[in-house]
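Taking it in order: structure first as structure tokens, then the write-up.
The values are calculated or read from the model by the stated rules, or taken from the named source; none is laboratory data. Not measured: the values here are computed from a predicted model. Virtual Cβ from ideal backbone geometry, glycine too; neighbours counted across all protein chains shown. Calculation scope for accessible area: heavy atoms of the full protein, side chains included, ligands and nucleic acids excluded. Shrake-Rupley method; radii C 1.70, N 1.55, O 1.52, S 1.80 Å.
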Amino acid sequence: MSRSLLLVFLVLFACGSSKKGTEIKEIKKELIISLERTPCYGTCPIYKMEIFSDGSAFYHGERFVEKIGNYEFSVSKETLNYILKKADEIGFFELEDRYTANITDLPKTITFIKNGKDKKRVVDYYGAPKTLKEFESLVDGCIDYRRMKKLED
């Protein structure tokens, strides 16, 4: 009996020590870029796009867009890095949180960027700088309708 107890102890000890050496660290997939366009009283496109740190992306189109529904696609690391670099160049993290005015019937563009520890959400309703408008268009350019895969609703 003591021999089998010793064998069990050795097996447990060996498994416990090798487990530490082969431990797999899970890489956290996190949201780093999102862009949402909201409705207006007219035919403004309504959709939301999210891009994650591993390059996977999600798109939900509602109205006045090429694709309606939920889709997935991917974005290259080069494109992700380019967008994050442009965010730094335009001073995205120093922009106002909201650009707005006391008027109605305009859509909002809501942009979120996370670059390292920095993260910011900017709501563009009216009066945003030209550099932000151009940046929003750059992010829009990531959407590749031809390579999207439809998700089950």
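Quick check, is residue 138 closer than 14 Å to residue 35 by Cα and not polar (S, T, N, Q)?
Numbers: closer than 14 Å to residue 35 by Cα: yes; not polar (S, T, N, Q): yes.
Judged against the criteria, residue 138 is a match.
Run down 91, 116 and say which single residue is modelled with pLDDT under 95 and more than 24 Å from residue 65 (Cβ to Cβ). I'd like the intermediate steps shown before the answer.
Numbers: 91 fails: modelled with pLDDT under 95.
Going through 91, 116 in turn, just one is modelled with pLDDT under 95 and more than 24 Å from residue 65 (Cβ to Cβ): 116.
Output the residue which, of all residues in region 16-46 that are part of a helix (DSSP H, G or I) and open to solvent by 80 Å² or more (accessible area, probe 1.4 Å), is modelled with the highest pLDDT. Please lay out each step first, then the result.
Taking region 16-46 and keeping what is part of a helix (DSSP H, G or I), we get 16-21.
Those left that are additionally open to solvent by 80 Å² or more (accessible area, probe 1.4 Å): 19-20.
On the way: 19: 41, 20: 44.
Looking at the filtered set, the residue picked out is 20.
How about region 119-144: which of its residues are modelled with pLDDT of 95 or more and β-branched (Val, Ile, Thr)?
Selection gives 122, 123, 131, 139.
All but one of (1) in contact (Cβ under 8 Å) with a residue 60 or more places away in the chain; (2) of a type in the set (Ser, Thr, Tyr); (3) surrounded by fewer than 15 Cβ atoms within 10 Å (Cβ to Cβ) hold for residue 56; state the number of the condition that does not hold.
Of (1) in contact (Cβ under 8 Å) with a residue 60 or more places away in the chain; (2) of a type in the set (Ser, Thr, Tyr); (3) surrounded by fewer than 15 Cβ atoms within 10 Å (Cβ to Cβ), only one is false for residue 56: (1).
Identify the residue in region 56-83 that is among the aliphatic types (A, V, I, L, M) and in contact with a Phe, Trp or Tyr (Cβ under 8 Å, 6 or more places away or on another chain) and, among all such residues, is nearest to residue 45 (Cα to Cα). Outline the logic, then answer.
In the first step, residues of region 56-83 are kept if they are among the aliphatic types (A, V, I, L, M); the result is 57, 65, 68, 75, 80, 83.
Restricting the remaining residues to those that are in contact with a Phe, Trp or Tyr (Cβ under 8 Å, 6 or more places away or on another chain) gives 57, 65.
Details: 57: 19, 65: 5 Å.
Checked region 56-83; the qualifying residue nearest to residue 45 (Cα to Cα) is 65.
With under 13 Å from the mean Cα position of the chain (by Cα), under 20 Å from residue 138 (Cα atoms) and among the aromatic types (Phe, Trp, Tyr) as the only criterion, which of 64, 92, 112 stands out? First the steps, then the outcome.
On the way: 64 fails: under 13 Å from the mean Cα position of the chain (by Cα); 92 fails: under 13 Å from the mean Cα position of the chain (by Cα).
Selected residue: 112, the only one of 64, 92, 112 that is under 13 Å from the mean Cα position of the chain (by Cα), under 20 Å from residue 138 (Cα atoms) and among the aromatic types (Phe, Trp, Tyr).
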